[in-house]
Amino acid sequence: MAASFVALLAVLVVLLLPLPVLLLGAWKRGRLAVAAPHVVVVVLGDVGRSPRMQYHALSLAQSGFSVTLLGFYNSKPRDELLQNDSIQIVKLTELPSLGAGPRVLQYGVKVVFQAVYLLWKLVCTDPAAYIFLQNPPGLPAIAVCWFVGCICGSKLVIDWHNYGYSIMGLVHGPQHPIVLLAKWYEKFFGRLSHLNLCVTNAMREDLAENWHIRAVTVYDKPASFFKETPLDLQHELFMKLSRTYSPFQSCSEPLDPSVERSAFTEKDCQSGMVRSLHGRPALLVSSTSWTEDEDFSILLGALEKFEQLTLSRDSLPSLVCVITGKGPLREHYRHLISQKHLQHVQFCTPWLEAEDYPLLLGSADLGVCLHMSSSGLDLPMKVVDMFGCCLPVCAVNFKCLHELVRHGENGLVFKDAEELAAQLQMLFSKFPDPAGKLNQFRKELRESEQLRWDESWQRTVLPLVTHK
């Protein structure tokens, strides 16, 4: 009964809303000609977990635009975003689960609610020259943003991170009617945009060939704060994490009370000197959204094999495996991890503050990426961030990964747990070995002089939004 009432209410709102929206849109179109340059950035997801859209907002603000960022506020964005006077964050409210009625009805009500709610929020913002939209999720945001652009005179810019229908296909199957409908919707309304950005050349070619959409490739690049972490900041981070997570705690207390110790570092509080502990464990990091396109059973299987190798080889270190992130499968994998009783591998699954995540990557010895891409056309931003911190990476292989990871040059590519275990054995043999392959990869990353986000954005995106 409650579900039917909510559905009826949503339909009535849809029928009654267009007239005031059109009137407000006409008034805003008149204001747009005299307003200061303004851009609306839309994320129908958690702003704090949408780094690329945060970077767009910051780059637009630094280029003289005022920015309104609409999105859910489940986790805190970066301080640079919060402290920028040119950026206003408008928090969207998620519709609570109805908890009753068929799943199709619940999904339909959610889409209708989001469409009406987003439409109202957009027409209530200041007139914008451009609406930047992250896709996915694009249902119903693409259609709503296009409609607002029509009535308010704004140009729609879609930033294609992946295809939404392909992610739905992982759950429902590629031939499910909802997936086919989502594909049609994404294709139809995607063609109505004014500008399109995408994350790989492979996606650009696919959009052109199969969707008849012309896009500009804007590769993910690390922001300036992704860099190697100095030893003193590493120690501060490890001590902070040790208060909550036991793998970061020292196995033994120092005899000198003026010395503080983590599992990896030791600091003389009188002199301020920090050193890495002899015989410390290696720090392996993986970040994830805990979704269906990342199979963490591969990592767990590889670490079990690594555990067996450490029992027979003295040259291999113990490991601390840190897996960061939030997502729907997190509890499922945490349960699997809790059933592992390994002597030489410890697990930790924290959700880090935005400012601590780059520090962790810059402190780690190896990154592991299990992103397999539902479409085969996007690249894992986590690897971009790891490379920004000069952190060597082992990544599971898929169609266009070669655009980012060059096997044997800046990292390694694997296909299964067996291959990953062999790579871990090779990289961590005689750890820490200055002449080992791990340090060779790190040296290659240091010498590569990677292009950073700000410079890349100014070369690729800024000319598109300043062209008259």
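The values are calculated or read from the model by the stated rules, or taken from the named source; none is laboratory data. The shown structure was predicted, so the numbers you read here are calculated from the model rather than taken from an experiment. Don't worry about glycine lacking a Cβ; one is built from the backbone with ideal geometry, like all the others, and counts go over all protein chains shown. Accessible surface areas use protein heavy atoms only, side chains included; no ligands, DNA or RNA. Shrake-Rupley method; radii C 1.70, N 1.55, O 1.52, S 1.80 Å.
For (1) under 19 Å from the mean Cα position of the chain (by Cα); (2) of a type outside the set (D, E, K, R); (3) farther than 26 Å from S429 by Cα, each residue gets a yes or a no:
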position	(1), (2), (3)
V285	yes, yes, no
E292	yes, no, yes
L319	no, yes, no
K340	no, no, no
L359	yes, yes, no
M372	yes, yes, yes
V384	yes, yes, no
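Does any residue of the stretch 268-283 turn out to be among the charged types (D, E, K, R), open to solvent by 10 Å² or more (accessible area, probe 1.4 Å) and under 28 Å from D46 (Cα atoms)?
Among the residues of the stretch 268-283, not one is among the charged types (D, E, K, R), open to solvent by 10 Å² or more (accessible area, probe 1.4 Å) and under 28 Å from D46 (Cα atoms), which makes the answer no.
Restricting to the stretch 286-342, and then to whatever is of a type in the set (S, T, Y) and in a helix (DSSP H, G or I), can you tell me which residue is nearest to V413 (Cα to Cα)? Quick ask: steps written out before the conclusion?
Taking the stretch 286-342 first, the residues of a type in the set (S, T, Y) are 286-289, 291, 297, 310, 312, 315, 318, 324, 333, 338.
Then drop every residue that is not in a helix (DSSP H, G or I), which leaves 297, 310, 312, 333, 338.
Numbers: S297: 17, T310: 22, S312: 26, Y333: 23, S338: 27 Å.
Restricting to residues being of a type in the set (S, T, Y) and in a helix (DSSP H, G or I), the top hit is S297.
Hey, does the stretch 142-157 have a residue that's within 24 Å of E294 (Cα to Cα) and crowded, with 16+ Cβ neighbours inside 10 Å?
We begin by selecting, within the stretch 142-157, every residue within 24 Å of E294 (Cα to Cα); these are none.
Within the stretch 142-157, not a single residue is within 24 Å of E294 (Cα to Cα) and crowded, with 16+ Cβ neighbours inside 10 Å.
Just need a number here: residues in the stretch 376-390 that are touching a Gly at 6+ places or on another chain (Cβ under 9 Å) and not acidic (D, E). Before the answer, list the steps.
First, pick out the residues of the stretch 376-390 that are touching a Gly at 6+ places or on another chain (Cβ under 9 Å): 382-383, 385-390.
Imposing the further condition that a residue be not acidic (D, E) reduces the set to 382-383, 386-390.
Within the stretch 376-390, residues that are touching a Gly at 6+ places or on another chain (Cβ under 9 Å) and not acidic (D, E) number 7.
With the structure loaded, tell me whether V104 is modelled with pLDDT of 90 or more and either over 22 Å from W160 (Cα atoms) or under 21 Å from the mean Cα position of the chain (by Cα) (or both) or whether it fails that test.
no
Any idea which of (1) surrounded by 15 or more Cβ atoms within 10 Å (Cβ to Cβ); (2) out of contact with any strand residue (DSSP E or B) (no Cβ under 9 Å at 6 or more places or on another chain) is the one R313 doesn't satisfy?
(1)
Somewhere in the stretch 86-101, is a residue under 22 Å from the mean Cα position of the chain (by Cα) and within 22 Å of W160 (Cβ to Cβ)? Don't jump to the end; show me each part of the working.
Narrowing the stretch 86-101 to residues under 22 Å from the mean Cα position of the chain (by Cα): 87-94.
Checking the rest, the ones that are also within 22 Å of W160 (Cβ to Cβ) come to 92.
Yes.
How many residues does the stretch 314-330 contain that are touching a helix residue (DSSP H, G or I) at 6+ places or on another chain (Cβ under 9 Å) and without any contact (Cβ under 8 Å) to a residue 24 or more places away in the chain?
Of the residues in that region, 0 qualify.
Against the definition (open to solvent by less than 70 Å² (accessible area, probe 1.4 Å) and either aromatic (F, W, Y) or within 27 Å of the chain's Cα centre (by Cα) (or both)), how does Y73 come out, yes or no?
Values: open to solvent by less than 70 Å² (accessible area, probe 1.4 Å): no; either aromatic (F, W, Y) or within 27 Å of the chain's Cα centre (by Cα) (or both): yes.
So Y73 fails the test.
With the condition kept exactly as written, say whether any residue in the stretch 380-388 is open to solvent by less than 10 Å² (accessible area, probe 1.4 Å) and in contact with a His (Cβ under 9 Å, 6 or more places away or on another chain).
Yes, the stretch 380-388 has at least one match.
Looking only at the stretch 426-442, which residues are of a type outside the set (G, A, S) and either open to solvent by less than 50 Å² (accessible area, probe 1.4 Å) or under 26 Å from the mean Cα position of the chain (by Cα) (or both)?
To start, the set of residues in the stretch 426-442 that are of a type outside the set (G, A, S) comprises 426-428, 430-434, 437-442.
Residues satisfying the conditions are L427, F428, F431, L438, F441, R442.
Any residue at all in the stretch 337-355 that's open to solvent by 20 Å² or more (accessible area, probe 1.4 Å), basic (K, R), free of Cβ contacts under 8 Å to residues at least 60 places away in the same chain and at negative phi?
Yes, the stretch 337-355 has at least one match.
Of the conditions (1) farther than 17 Å from A128 by Cβ; (2) of a type outside the set (K, R); (3) free of Cβ contacts under 8 Å to residues at least 60 places away in the same chain, S50 fails just one. Which one is it?
Tallying (1) farther than 17 Å from A128 by Cβ; (2) of a type outside the set (K, R); (3) free of Cβ contacts under 8 Å to residues at least 60 places away in the same chain, S50 fails exactly one: (3).
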